[in-house]
Amino acid sequence: MSWQRCAILSLLETAAIQHRKIVYPSNIFILFILLFLSQYLAVFLYNIFIYPFYSSPLRHLPGPKDGNFFFGQTLKFLKAEGPNDVVLTYMRQFPDAPLIRYLHLGNTEWLLVNSVRACKELVQTKCYSFEKPEYFRRIVGEIVGIGLVNAEGEEHRRQRKLLAGPFSVSNIKKLVPLFNDKSRDLSRRIEEQVQEHPNAPIEVNQNFAKTTLDIIGTAALGVELCSLSTSGSTFSNLYAQILDQPPIGQLISAINMFVPIRNWVPLKANRDFQRANGEVRRLLRETIRKRKKAIFGERKGKTEVRKEFTEEGSKDLLTFMIYEKSEGANKWSEDDILGHLLNFMAAGHETTAGALTWLILALCLHPNIQSRLREEVKAQIPHSNPPSFTELENLSYMNNVLKEALRCYSPSTLIPRTPSHTITFCDTVIPVGTTILLNPSVLHLNPDIWGSDAESFNPDRHASEYINENEQKSIRDPFALEAFSNGPRICIGRMFAMLEMKSVLVELLRKFEMKRGWGKNGERLREGEEYEGVGDEDEGLMGGVKLQNFITLRSKDGVWVKFRILEA
Ligand code: HEM
C-alpha cells in the first residue's frame with residue numbers, strides 16, 4: 001500500500017473517531033499522524049518481512065535462498081568483482097528455470113530472465129506491457145537524459161517512428177566516410193605514440209571513447225569535438241568525469257538509484273558529478289539554439305530556412321530534429337531535442353567504445369583470429385583507400401567476429417523492466433512492482449543455448465555453415481543474442497555501431513599488429529616487457545583483466561595493448 005492510500009485511510013479513521021467524539025478536536029492532527037505512521041510502518045514491515053516469504057505468488061520460483069534478512073542478495077551484487085558474476089552463478093545453479101527469483105534491497109523481488117522464450121516474451125511479444133523501473137530511469141536518466149531511452153508506451157512508438165529516418169540504412173550508409181576519417185585519426189594518434197615509445201602498451205578504451213565521441217559529435221551535432229586531438233576537449237573530459245567517478249561517487253549513484261539523495265549530498269565527488277552533468281546539458285542547449293538560428297535565421301518558419309540545410313544528405317541528427325520536426329503535431333521542443341541528443345551522445349559512444357575494447361582484447365588473446373581477419377580485409381579490400389559501405393558489409397568473417405565479441409562481452413549488462421499492470425509472463429502471474437532483469441550475458445554464456453563451449457571465443461559459430469555439437473547445422477534463435485536487445489525497443493543505433501566498429505577495425509588491422517600489453521592480473525606491462533603467461537585457453541574470456549562493478553562492462557584498470565606498425 002502506498003503512502004497516499006495510508007494517508008486516505010488514516011484520514012477516514014480520524015474522521016470516524018472524531019465523529020464519535022472520542023478525542024478532543026485539538027488532538028485530531030496528532031491522532032492523524034499517529035494513525036498514519038503506525039499504518040505505514042505496518043505495511044512497510046509486512047512488505048519486507050512477510051509478503052516475499054509467505055504471500056507472494058512468486059515465492060515458489062527457483063532461486064537462491066541465502067539472502068540477508070533485509071538486503072536480500074544486494075550485498076553480493078555490491079561486493080562482486082564484475083556486473084555479471086552473481087547472475088552467472090544463478091544461471092549455472094538453476095539451469096532449467098526460465099525465471100530465477102532473488103531478493104534485492106528491502107526484499108523486493110527480482111526475476112532473472114534465463115531462457116530464450118522468456119526473453120522473447122519480455123522484449124517482443126509483451127514489450128509494451130512492461131516499463132523501465134523508476135530507479136533505473138533515475139540512474140540512467142541522469143547520464144543519458146530522457147529522450148527515446150526513457151520514453152514509454154505510445155510516446156515511445158511515436159518517437160521511434162520519428163527517428164526511424166535518420167537511422168535507416170540509406171542514411172547510415174552516408175556516414176561511412178565520417179567513420180573512416182575518424183578511424184584514420186585514431187590510427188594516426190596510435191602511430192605517433194608507437195613512434196615515440198615503440199614497445200610501450202597503450203590503453204585502448206580511452207582512445208576508443210574519444211574516437212566514438214568524435215564520431216557521434218559530428219553525426220549527432222554536426223560539430224567537430226576533436227576529443228582525440230585535443231587533450232582539454234570539453235565533452236570528452238565531462239563524460240570522463242561522469243562515467244569514471246571515484247568510489248564515493250559510485251556509491252552515491254548506487255544509493256541515489258533507490259533513494260533520491262543526489263541533491264542533498266554536499267560531497268565533492270557528488271558536486272563534481274552534478275557540475276559535469278549540468279555542463280553537458282548547457283553546452284548541448286547552446287548548440288541547439290545556435291543551430292536553430294543558423295537554420296531559421298532570426299525569424300522562425302520554414303520559408304526562412306537557409307538553403308544549405310535543406311540539401312539531401314547534409315543533415316546531422318540535430319539539424320534533422322530542428323528542420324524536419326519544427327512544426328505540426330509532432331513538433332519537438334528544445335527539451336525533447338536535448339533529451340534525444342543526450343541519448344545519442346551517451347548511449348552512442350560509451351557502449352561502442354566498450355565493445356571495441358573487448359573486441360581488441362579478444363584479438364590479442366587469439367592471434368590466429370586476428371591474422372585471419374587481416375587476411376580477409378586484404379582479400380576483400382585489396383586497395384589502400386578507405387573502405388566503402390559495400391566493402392564493409394561484405395566482410396563476413398569480421399561480421400562473425402563482431403557478433404562473437406558482442407556475445408562474449410556484451411557491453412550492456414542491465415536491461416530491467418517492470419510490469420505496468422499485473423500480467424502473466426512465462427506462465428507466471430507477475431505482480432506490479434516486480435523487476436524483471438534481462439542481463440544479455442546470462443543468455444550469451446548459457447551452455448544450454450550456445451553449447452558446452454559457450455565460454456570460448458569462437459566467431460565461426462555464427463557462420464551459416466557451422467555444424468554444432470549434434471552434427472546439425474546451427475540455427476540460432478535471434479533472441480539468443482541480446483547485446484542490442486530485440487523487439488520494438490531494439491537499439492536504434494545498432495547499424496551505426498556495427499559499421500563504425502568495422503571501419504575502426506579495418507583501419508587498425510591494416511596498420512598494426514596488436515599484442516597483449518597487460519600482465520596476469522590486467523596490469524600494464526612495462527615498456528619492453530613481454531607477457532609470459534599460461535596461454536589463452538586457461539585464462540578465460542577476460543585473460544586476467546579485472547572488471548569494474550558498473551552498469552556496462554568496463555575494465556577496472558583499462559585494457560593495455562602493444563601495437564606494432566605493419567609494413568605498408
Ligand atoms: C556496441 C554498441 C551499442 C550497444 C551494445 C547498444 C546496446 C543497446 C541496448 C541493449 C539497448 C536497449 C536498452 C533497453 O531497452 O533497456 C539500446 C538502446 C538504445 N541505443 Fe544502443 N547500443 C549501442 C550503440 C548505440 C549507438 C551508436 C546509438 C546512437 C547513435 C545508440 C542509441 C540507443 C538508443 C537511443 C536506445 C533506446 C532505444 C529505444 O528504447 O527505442 N546505441 N542500446
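Can you give the extra length, in nm with one decimal, that the chain gains between Asn368 and Phe71 once fully stretched, where that is 0.36 nm per residue apart less the Cα-Cα distance? The partial results should precede the final answer.
Numbers: separation 297, 0.36 × 297 = 106.92 nm, distance 4.63 nm.
Extra length available between Asn368 and Phe71 comes to 102.3 nm.
HN-Hα J couplings of the stretch 176-192 from phi, Karplus 6.51/-1.76/1.60, θ = phi - 60°, integer Hz, Gly and Pro as x?
Running phi through 6.51 cos²θ - 1.76 cosθ + 1.60 with θ = phi - 60° gives 4, x, 5, 4, 5, 4, 6, 5, 5, 4, 5, 5, 4, 5, 5, 4, 4 Hz.
Do you know the relative contact order of the stretch 89-248, to the nearest whole percent, from alpha carbon pairs under 8 angstrom that are 6+ apart?
Relative CO of the stretch 89-248 lands at 10 percent.
For the stretch 322-393, what does the alpha-carbon gyration tensor say about shape, rounded, prolate or oblate, given a ≥ b ≥ c as the root eigenvalues, a/c under 1.5 as rounded, and a/b over b/c as prolate?
Working: a/c = 5.55, a/b = 2.10, b/c = 2.64.
The shape class here is oblate.
Just to confirm the filter: which GluC sites (Glu not before Pro) across the stretch 473-568 are DSSP coil and have at most 13 other Cβ within 10 angstrom of their Cβ?
Details: sites: Glu482, Glu500, Glu507, Glu513, Glu523, Glu527, Glu529, Glu530, Glu532, Glu537, Glu539, Glu567; in loops: Glu482, Glu523, Glu527, Glu529, Glu530, Glu532, Glu567.
The qualifying sites are Glu527, Glu530, Glu532, Glu567.
Considering the dipole of the chain built from charges on the beta carbon (Lys and Arg +1, Asp and Glu -1) around the Cα centre, which of Phe389, Leu267, Leu402 is farthest to its positive end?
Farthest along the dipole direction, towards plus: Leu267.
Over the Cα atoms, compute the radius of gyration (one decimal) and Dmax (the largest Cα-Cα distance, rounded to a whole number) for the stretch 1-112, in Å.
20.4, 63
Quick one: which of Lys502/Lys556; Lys268/Lys403; Lys331/Lys403; Lys502/Lys562; Lys210/Lys546 span more than 29 angstrom between C-alpha atoms?
Checking Cα-Cα distances, Lys268/Lys403; Lys331/Lys403 exceed 29 Å.
Per DSSP H run of at least 4 residues, take -39500 (n - 2.57); add these up for the chain, divide by its residues and hand me the 222 nm value, nearest 500 deg cm²/dmol.
-15000 deg cm²/dmol
Tell me the relative contact order for the chain as a rounded percent, counting alpha carbon contacts under 8 Å between residues six or more apart.
Details: 805 pairs, mean separation 119.6, N = 568.
Value for the chain: 21 percent.
May I ask you to compute the full-extension gain from Ser26 to Arg184, defined as 0.36 nm times their residue separation minus their alpha-carbon distance, rounded to one decimal in nm?
Details: separation 158, 0.36 × 158 = 56.88 nm, distance 7.79 nm.
The Ser26-Arg184 span can extend by a further 49.1 nm.
What is the set of long-range amide H partners of Lys562 at a cut-off below 5 Å, with H atoms built 1.01 Å from backbone N?
Excluding prolines and chain starts, which carry no amide H, the hits are Ile202, Lys515, Arg516, Gly517.
If we sort 77-89, 197-209 on the protection proxy, mean other Cβ atoms within 10 Å, highest first, what's the order? Spell out each step's value before the answer.
Numbers: 77-89: 17.1, 197-209: 19.5.
Going by the mean number of other Cβ atoms within 10 Å, highest first, we get 197-209, 77-89.
From the alpha carbon gyration tensor of the chain, can you work out the equivalent ellipsoid semi-axes (sqrt of 5 times each eigenvalue) and give them in Å, largest to smallest? Can you show the working numbers first?
Working: eigenvalues 380, 198, 108 Å².
The answer is 44, 31, 23 Å, longest axis first.
When only Cα pairs under 8 Å and 6 or more residues apart are kept, what is the percent relative contact order across the stretch 155-264? Numbers along the way, then the final one.
On the way: 49 pairs, mean separation 17.4, N = 110.
Result for the stretch 155-264 is 16 percent.
Using packing as a proxy for protection, rank 258-265, 338-345 so that the peptide with the highest average count of other Cβ atoms within 10 Å comes first. List each step's numbers first, then the result.
Numbers: 258-265: 12.8, 338-345: 23.5.
Highest mean packing first, the order is 338-345, 258-265.
For the chain, which whole-number percentage of the solvent-accessible area (1.4 Å probe, protein heavy atoms only) is attributable to carbon and sulfur atoms?
Working: 15110 of 27000 Å².
So the carbon and sulfur contribution to the accessible surface is 56 percent.
Provide the net charge surrounding Leu178, with neighbours chosen by a C-beta distance below 10 Å and charges set as Lys +1, Arg +1, Asp -1, Glu -1. Walk me through the numbers on the way to the answer.
Working: positive: Lys174, Lys182; negative: Asp181, Asp214, Asp316, Glu500.
Taking every Cβ under 10 Å from that of Leu178, the sum is -2.
Skipping prolines and chain starts, which residues have an amide H placed within reach, meaning under 5 Å, of the one on Phe425, given they are 5 or more residues away or on another chain?
Those qualifying (amide H under 5 Å, at least 5 residues apart or on another chain) are Ile430.
Distance from the Cα centre of the stretch 186-238 to that of the stretch 358-435, in angstrom?
Taking the Cα centre of each part, the stretch 186-238 and the stretch 358-435 sit 22 Å apart.
Hey, for a label at Gln193 modelled as a point 7 Å past Cα toward Cβ, could you say which residues of the stretch 543-562 have their backbone N under 16 Å away?
Counting backbone N atoms under 16 Å from the label point, the list is 555-562.
Using only Cα atoms, locate the centre of the stretch 488-504 and the centre of the stretch 25-65, then give the distance between them in Å, rounded to an integer.
46
Report, for the chain, the % of DSSP beta bridges that are antiparallel, rounded to 5.
The answer is about 90 percent antiparallel.
Quick one: what are the phi-derived ³J(HN,Hα) couplings along the stretch 430-440, Karplus 6.51/-1.76/1.60 with θ = phi - 60°, whole Hz, x for glycine and proline?
For the stretch 430-440, the Karplus curve yields 10, x, 4, x, 7, 9, 9, 10, 9, 10, x Hz.
In Å², what does the accessible area per residue of the chain work out to with a 1.4 Å probe? Intermediate results must be reported in sequence, preceding the final value.
Details: 27000 Å² over 568 residues.
Dividing the accessible area of the chain by its residue count gives 48 Å².
The values are calculated or read from the model by the stated rules, or taken from the named source; none is laboratory data. Keep in mind that what you see is a predicted model, and the values were worked out from it rather than measured. Note that we place each Cβ from the backbone using ideal geometry, even for glycine, and neighbour counts take in every protein chain shown. Surface accessibility is based on the protein's heavy atoms, side chains included, excluding ligands, DNA and RNA. Shrake-Rupley method; radii C 1.70, N 1.55, O 1.52, S 1.80 Å.
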